[in-house]
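Please treat every number below as a calculation from the coordinates, not as lab data. Model, not experiment: these values are computed from the prediction. Counting neighbours? That spans all protein chains shown, and the Cβs are built from the backbone with ideal geometry, glycine included.
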Amino acid sequence: MKKLVLIAAPLALALAGCVSDETGTSSGTPTTATTTSMSRVKNGPTRPPGGPNAAAEDLCVKAVQQQTNAVGVAVIGSEFSQAATQVMIGFPKSQAPWRCLVSGDRVTEVAYTGS
């Protein structure tokens with residue numbers, strides 16, 4: 001029994017620093033960027049692109065900036081799936097978030113979610 005405890009304790013400590021993203025993979029360093037279910041996101045707090053979906057988020061920020069000529073465009077949240085990465089974008093003058101889809105290395109859709 002003592003051997004099991006000695007092996008389990010370091011293993012538990014090593015795994016405590018890991019985070020799992022929406023893809024089911026994990027990394028050894030925690031991230032502050034969190035993914036959120038996009039149906040519940042409102043135009044709220046934003047952040048710069050980063051985390052496991054950083055490349056898609058960066059593409060979407062640029063696409064929304066190009067389409068709107070807005071200042072302060074930033075990421076609200078993102079969600080990865082095998083078909084595409086969905087990124088929700090906001091900026092100060094927007095009444096609702098913008099939805100952007102990235103498949104591979106290109107933006108496939110940019111749409112305003114408000115009416």
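Things worth noting here:
- Long-range neighbours under 7 Å by Cβ, at least six apart or interchain, first residue among the hydroxyl-bearing types (Ser, Thr, Tyr) within the stretch 66-90, second surrounded by 15 or more Cβ atoms within 10 Å (Cβ to Cβ) and assigned to a loop (DSSP other than H, G, I, E, B): Ser78/Thr35
- Flag for Ser103 being among the polar types (S, T, N, Q) and touching a strand residue (DSSP E or B) at 6+ places or on another chain (Cβ under 6 Å): no
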